[in-house]
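Input: a single structure, listed below in structure tokens.
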Amino acid sequence: MAYLRLSGLPPTESMLATARENLGLNNPLWRQYLDWLTSALQADMGQSYVTGNSALHEILYYLPATIELTMWAMAATIFISVPLGIAAALHKDRWPDHLTRIFAFSAVSMPSFWLGFLLVLLFSRHLDILPAMGRGGPEFLVLPVLTLSFMSMGINIRLVRASMLEHMHSRSVTYARSRGLKRWRIIGQHVLRNALIPVLTSLSMHFGELLGGAVIVENIFNWPGVGRYVVSAIYNHDYPVIQTFTLVTTFIFVIVNLITDVLYARIDPRIRLGEAR
């Protein structure tokens, strides 16, 4: 019924009756759910109350911009947090470790929307070196990617550090040292590779968090993605669009976790897919 309200005119009883009939609201709840489930299994998520177009097509139209932002944020999380976590573990209780602790604590404690406003104020308003809004070249990605990935960086730094320290005292490392292997080879083959299992799990969870966090970041930087579109759908009570967004993001999250499970077997030879334990 939201599209009746959006017209700005008070709906009449006949209009309400027609809307209930068209939307199937006169049917029992079990029949409404069954009809919706049947349509959803056929990739028919209904029509947007605002535009009248397919809700799934609307989401898929805006989704590439959000995926671009999320993938860059994930890349920033990996290429910044993993080296910093390794450096913190290799220099435990020294100044690199202390600096990464401060960075990780600040990243976890700072809300993303506040960080976004600070970055816009500094780099766009005062320094005028980066654009604050819109989508375009690489310069448009810097501020939203940093805002979106900042918290994930802090969490992942501490996880990499803890996982590295745990495996640096394992038996395989002790045997490798007794064999006279070089330190960089021990770190790369016996410590880092084993330490990546919990890190990989964390990264797969971070992908879902980044995808959901894009809703806030896209509105701050006026990024034309699905998150910004869904916020407008919430304001307009466009329920088919909201339902479709929820299902699509859930499907993406499940696929990412499935890929993560497959990568486990590639990283750790002890893990074999399809074998009973």
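The values are calculated or read from the model by the stated rules, or taken from the named source; none is laboratory data. All figures in this text were calculated on a predicted structure; none of them were measured in a lab. So basically every Cβ, Gly included, is an ideal-geometry build from the backbone, and we count neighbours across all protein chains shown. Calculation scope for accessible area: heavy atoms of the full protein, side chains included, ligands and nucleic acids excluded. Shrake-Rupley method; radii C 1.70, N 1.55, O 1.52, S 1.80 Å.
Residues in the range 25-46 that are within 15 Å of residue 239 (Cβ to Cβ) and touching a helix residue (DSSP H, G or I) at 6+ places or on another chain (Cβ under 6 Å): how many?
Residues that pass the stated criteria total 2.
Show the residue pairs that are 6+ apart or on different chains and have beta-carbon atoms under 7 Å apart, the first residue being within the range 158-186 and of a type in the set (Ser, Thr, Tyr), the second being open to solvent by less than 40 Å² (accessible area, probe 1.4 Å) and modelled with pLDDT of 70 or more.
So the pair list comes out as 163/195; 163/199.
Within the range 16-124, which helices (runs of 4 or more DSSP H) (wholly inside it) include 2 or more residues that are open to solvent by less than 80 Å² (accessible area, probe 1.4 Å) and over 28 Å from residue 253 (Cβ atoms)?
So the answer is 55-90, 95-109.
Residue 165 - would you say it is touching a helix residue (DSSP H, G or I) at 6+ places or on another chain (Cβ under 7 Å), open to solvent by less than 70 Å² (accessible area, probe 1.4 Å), part of a helix (DSSP H, G or I) and closer than 26 Å to residue 108 by Cβ?
Here the answer is yes, as residue 165 does meet what is asked.
Of the residues that sit in the range 205-238 and are surrounded by fewer than 17 Cβ atoms within 10 Å (Cβ to Cβ) and either touching a Cys at 6+ places or on another chain (Cβ under 7 Å) or hydroxyl-bearing (Ser, Thr, Tyr) (or both), which one is nearest to residue 153 (Cα to Cα)?
232
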